[in-house]
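Worksheet for the structure shown next.
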Amino acid sequence: MLISSNFDSGNIETVDLNDTSNVRLRIRRDNKSDFFQWFHFRASGVQDILCRFVIENAADAAYADGWIGYNVCASYDRENWFRIPTDYSDGQLVWEFEADQDSLYFAYFAPYSMERHADLIADVAASPLARTHVLGHTLDGQDMDLVEVGHGPDGRKAIWLIARQHPGETMAEWWMEGAFDFLLDEDNPVARALLDKAHFYIVPNMNPDGSRRGNLRTNAAGANLNREWRDATMENSPEVYLVRRKMQETGVDFHLDVHGDEDLPYNFIAGFEGVPSVTERQLKLLDTYQSLLCDMSPDFQREHGYPVDAPGTSDLRKCTDYVAETFGALSMTLEMPFKDNANLPDADWGWSPERCRHLAHACLAALAQMVDEL
């Protein structure tokens with residue numbers, strides 16, 4: 001048996017491979033940070049061998065409680081990611097599996113590599129509805145891609161969609177695939193009507209460096225980008241600095257920051273209720289959007305989520321709060337689970353790339369219902 005992770009978004013450290021009934025592993029920490037939880041590796045030489053994998057440092061992960069009720073993702077072809085029953089006990093994450101093929105990939109969630117990101121940008125660029133731009137470069141020299149969608153009359157609403165501030169939250173870029181599928185389908189009448197009233201600015205991956213490095217939460221400087229919005233610099237968080245500068249140029253009427261949550265097995269939205277200048281109009285828009293999304297998708301709910309910030313207690317270093325305060329916009333964080341949607345569980349696939357794409361369709365259909373109110 002061999003274990004490898006020296007590839008785009010790979011992350012694992014080998015402790016002991018001598019016994020396939022006790023393959024001992026550890027997750028590598030994010031660079032310049034204590035965060036870790038994302039893992040992605042390949043096990044080869046495993047066909048017809050019952051292997052037991054043990055991640056020994058799971059208890060020290062950033063969100064250790066997130067392992068409870070979690071099942072690991074696995075794939076032979078790196079396209080279809082199924083779930084394997086997984087146990088978290090005595091501070092270790094453990095699963096067993098007998099592979100039908102010589103090699104098998106495991107990951108915290110279905111990975112979204114920078115190569116797939118490059119393919120996504122190339123595919124989108126072929127649409128007559130889209131224009132692609134590079135806002136600048138990351139600390140590792142990667143492109144910061146922005147996609148504009150829509151060519152229509154002046155005066156349209158400025159809609160911003162961003163994803164993967166935290167690179168290990170790969171479900172966010174799978175969601176982006178669904179968003180592009182929806183918006184660029186010229187036979188979709190809802191999308192066509194929406195693009196008559198809205199112009200989209202889309203950043204499918206806010207953290208290319210962390211994505212390639214296999215980080216959970218930080219960029220190449222060890223910065224958590226979702227704590228950089230108030231004070232972003234080109235030295236520490238160029239990703240946020242460049243996007244924020246573009247937002248100041250375009251303005252923002254609607255903003256959705258797409259994330260994943262390690263602990264809660266639900267899809268939900270976190271708002272901006274605690275920002276200093278919050279208005280009744282903003283709060284009404286927030287309520288309307290969530291109500292519409294509940295109607296659009298049974299995968300979305302409002303019962304479970306984060307506690308609402310008390311008035312005046314928001315953290316303007318966070319993206320959603322910063323955008324709501326700076327632009328007076330409807331600004332939200334969409335959270336999706338690493339586990340499964342407990343309201344509609346699927347034992348074989350869990351929360352999956354396909355379901356992320358479908359939720360994106362619902363999110364945009366809900367926006368289409370209320371775009372005139374923004």
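Go through the range 326-337 residue by residue and tally those that are open to solvent by less than 40 Å² (accessible area, probe 1.4 Å) and either among the β-branched types (Val, Ile, Thr) or touching a Cys at 6+ places or on another chain (Cβ under 9 Å) (or both).
In the first step, residues of the range 326-337 are kept if they are open to solvent by less than 40 Å² (accessible area, probe 1.4 Å); the result is 328-337.
Checking the rest, the ones that are also either among the β-branched types (Val, Ile, Thr) or touching a Cys at 6+ places or on another chain (Cβ under 9 Å) (or both) come to 331, 333-334, 336.
Looking only at that region, the number is 4.
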Residues within the range 334-353 that are charged (D, E, K, R) and touching a Gly at 6+ places or on another chain (Cβ under 8 Å), tallied: 3
Scan of the range 81-93 for residues that are surrounded by 19 or more Cβ atoms within 10 Å (Cβ to Cβ) and in contact with a Ser or Thr (Cβ under 8 Å, 6 or more places away or on another chain), ordered by number: Trp81, Leu93
Answer residue from the range 309-325, given it is of a type outside the set (D, E, K, R) and more than 18 Å from Val258 (Cα to Cα) and is most open to solvent (accessible area, probe 1.4 Å) among those: Pro311
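Keeping to the range 2-32, report how many residues are surrounded by fewer than 17 Cβ atoms within 10 Å (Cβ to Cβ) and at negative phi.
Within the range 2-32, the subset surrounded by fewer than 17 Cβ atoms within 10 Å (Cβ to Cβ) is 2, 4, 6-8, 14-22, 31-32.
With at negative phi added as a condition, the list becomes 2, 4, 6-8, 14-22, 31.
Residues flagged as surrounded by fewer than 17 Cβ atoms within 10 Å (Cβ to Cβ) and at negative phi within the range 2-32 amount to 15.
Looking for something farther than 30 Å from Ser277 by Cα and part of a helix (DSSP H, G or I) - is there at least one such residue anywhere in the range 360-367?
Within the range 360-367, the subset farther than 30 Å from Ser277 by Cα is 361.
The next check asks that each one be part of a helix (DSSP H, G or I); those that pass are 361.
Within the range 360-367, one or more residues are farther than 30 Å from Ser277 by Cα and part of a helix (DSSP H, G or I).
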Qualifying positions in the range 228-245 - within 17 Å of Ser33 (Cβ to Cβ) and in contact with a Cys (Cβ under 9 Å, 6 or more places away or on another chain): Glu228, Val240
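Return yes when Asp287 is assigned to a helix (DSSP H, G or I) and open to solvent by 90 Å² or more (accessible area, probe 1.4 Å) and no when it is not.
On the way: assigned to a helix (DSSP H, G or I): yes; open to solvent by 90 Å² or more (accessible area, probe 1.4 Å): no.
In short, no.
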Qualifying residue in the range 111-123 (condition: assigned to a loop (DSSP other than H, G, I, E, B) and open to solvent by 40 Å² or more (accessible area, probe 1.4 Å)): no
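Could you tell me whether Asp30 is over 24 Å from Gly260 (Cβ atoms), of a type in the set (D, E, K, R) and in a loop (DSSP other than H, G, I, E, B)?
Details: over 24 Å from Gly260 (Cβ atoms): no; of a type in the set (D, E, K, R): yes; in a loop (DSSP other than H, G, I, E, B): yes.
Spelling it out, it is not the case that Asp30 is over 24 Å from Gly260 (Cβ atoms), of a type in the set (D, E, K, R) and in a loop (DSSP other than H, G, I, E, B).
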The one condition in (1) hydroxyl-bearing (Ser, Thr, Tyr); (2) open to solvent by 20 Å² or more (accessible area, probe 1.4 Å); (3) in contact with a helix residue (DSSP H, G or I) (Cβ under 6 Å, 6 or more places away or on another chain) that Ser297 fails to fulfil: (2)
Failed item in (1) closer than 16 Å to Glu169 by Cα; (2) among the aliphatic types (A, V, I, L, M); (3) surrounded by fewer than 21 Cβ atoms within 10 Å (Cβ to Cβ), with Val72 passing the rest: (3)
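The values are calculated or read from the model by the stated rules, or taken from the named source; none is laboratory data. Everything numeric in this text was worked out from a predicted model, so none of it was measured. Cβ sites come from the backbone with ideal geometry, for glycine too, and all protein chains shown count toward neighbours. The protein model used for the area step is the full one, side chains on, heavy atoms only, and it has no ligands, DNA or RNA in it. Shrake-Rupley method; radii C 1.70, N 1.55, O 1.52, S 1.80 Å.
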